[in-house]
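See structure below.
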Amino acid sequence: MHDELKPHHSLSPFPLSRLMWTTLQSITKSQNTPLQAAATHTHSRMERWLSALLLLLAMPVEAAYVGGGVSIGIGGGNAGVGSGRGGGAGSVWIGGGIDTPASSGSRLSNAYTALQAWKSAVTDDPNKVVGTWVGSDVCSYKGVFCSDSQDGMGPFVAGIDLNKANVRGTLVKELSLLTDLTLLHLNSNRFSGSVPNTLGDLSSLQELDLSNNQFSGPFPAVVLEMPSLIYLDLRFNSFSGSIPEDLFNRKLDAIFVNNNNFEGELPQSLGNSPASVINLANNKFSGSIPASFGLMASKLKEILFLNNQLSGCVPEGVGLFTEMKVFDVSHNSLMGHLPDTLSCLSQVEVLNLGHNRLSGELPDLVCSLKSLMNLTVAYNFLSGLSQECTKLFFRSVGFDFSVNCIPNKDMQRPQPECSSTPGGGLSCLRIPSAQPLVCGAMAVLSGTAADPASKSP
């Protein structure tokens, strides 16, 4: 499989952009004072009551928020001190009367239940990260970050970051209890299996990074049930099957599904996505790039289609993306002439059209793009270069036009390979360019791009 091009955006790594920094500024390790309490069981009722009274007098006010919650009750029954798992994890119980747990206690108690269930599903922890998940104070666990709630209800688990922990195991359904979780980063581990359907309950989750693991099965549709999600990273796994239509209907700002085994045609809903970064590279997608591609929000800055099995034409609507910085359709089977609308990519820095079956001339409109840093058209069937293209070398632009059919140029195809044009029966819808193209008016014309590739009669 072709090696993936690294993300080119200037905010890389993407999670540490505006969302990540804002989140991490508010997420801090809870600095609660540990509860120092003990109760001594004696054989007399009086001694038990005295022990309970001394414990109450010594307990700090903050104790109600410590380590998964403290429940205190004093009633007519025998006084006692105990701890429990699950909902009562880390709690201290005195007597049998009134139970007054703090709200944050139940939140941290739920977190304790979730994290201990997850810990039991870990089969290898060479760096002893999950090994620190001992005791009821979940805010002290390595990789777990707590934040103080704005409603004054105490701390809660807001983030989990196990990036590069090299943990082996599976995800568990109990993770759905972490309803306050904002980010879940599991990059570069050995998690396998599928993503539990219960994770749709993570209503606060904004960033989900499952990249570079061993997950398999169909696309985890449960991620589309997370209402707050804006960053989705599934790359470098073994997911397979088709991509759901709804993926591009969600309000995601970043979509990384590259380096999996996804296949089939790309959904027509691609044009609905408001994302600024989309990486579809190194899969087995086939068919044409959807005609709706030109209808996407103009905020798109990077899109990578490279190393799939796409055919048809480069869509005319590509010119709508005036903020595009990276456009990579290399290592596919695209045919036809390049659209003049490429000249509207005024901010594009990396334009990779190499290793396709494109024909015609490389026009001045493309080579005149002022922000270009790298232009690749190698391994196509282009028949000529414009005068402006020959000036790219003087602009210190990386320019590779090798293995084409350009006369009087070195490193071109043998003449027999250039005797016929690939896709001779293919008709790419192209807007007439007799007059200078007005890029700002492209949106008006986008509705005419009904089908970027159709067979001529």
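General remarks:
- Taking the stretch 199-223 as the range and being surrounded by fewer than 16 Cβ atoms within 10 Å (Cβ to Cβ) and not small (Gly, Ala, Ser) as the test, the residues that pass are Gln214, Pro218.
- The listed residue being basic (Lys, Arg) and not assigned by TED's automatic domain parsing to the domain that holds Cys428, out of Lys391, Lys325, Lys301, Lys370: Lys301
- Scanning the stretch 136-156 for residues that are closer than 19 Å to Asn187 by Cα and touching a Cys at 6+ places or on another chain (Cβ under 9 Å) returns a single hit, Phe145.
- Applying the criterion of being of a type in the set (S, T, N, Q) and surrounded by 15 or more Cβ atoms within 10 Å (Cβ to Cβ) to the residues of the stretch 388-413, the residue that is nearest to the chain's Cα centre (by Cα) is Ser402.
- Candidates Asn249, Asn307, Asn272, filtered to the one that is in contact (Cβ under 8 Å) with a residue 24 or more places away in the chain, surrounded by 21 or more Cβ atoms within 10 Å (Cβ to Cβ) and not assigned by TED's automatic domain parsing to the domain that holds Val350: Asn307
- Test set (1) over 19 Å from Leu177 (Cβ atoms); (2) crowded, with 20+ Cβ neighbours inside 10 Å - Tyr112 fails condition number: (1)
- Consider the stretch 306-323 and keep the residues that are at pLDDT 95 or above and assigned to a loop (DSSP other than H, G, I, E, B). The one that is farthest from Gln347 (Cα to Cα) is Asn308.
- Residue in the stretch 393-402 that is within 14 Å of Leu353 (Cβ to Cβ) and touching a residue at least 40 places away in the same chain (Cβ under 8 Å) present: yes
- Output for the stretch 344-387, where each listed residue is part of a strand (DSSP E or B), without any contact (Cβ under 8 Å) to a residue 40 or more places away in the chain and within 32 Å of the chain's Cα centre (by Cα): Leu351, Asn374, Leu375
- Residue that is buried (at least 22 other Cβ atoms within 10 Å of the Cβ), over 27 Å from Val223 (Cβ atoms) and of a type outside the set (S, T, N, Q), where the choices are Val348, Val277, Val329: Val348
- Per-region count, the stretch 388-410, residues touching a helix residue (DSSP H, G or I) at 6+ places or on another chain (Cβ under 8 Å), hydrophobic (A, V, I, L, M, F, W, C) and not in a strand (DSSP E or B): 4
- Residue under evaluation Ala281, criteria (1) assigned to a loop (DSSP other than H, G, I, E, B); (2) more than 19 Å from the chain's Cα centre (by Cα), criterion not met: (2)
- Taking the numbered list (1) buried (at least 23 other Cβ atoms within 10 Å of the Cβ); (2) within 24 Å of Leu338 (Cα to Cα); (3) not assigned by TED's automatic domain parsing to the domain that holds Cys428 in turn, Leu320 passes all entries but (3).
The values are calculated or read from the model by the stated rules, or taken from the named source; none is laboratory data. This is a predicted model, so every value here is computed, not measured. Here the Cβ is made from the backbone with ideal geometry for all residues, glycine too, and neighbour counts use every protein chain on show.
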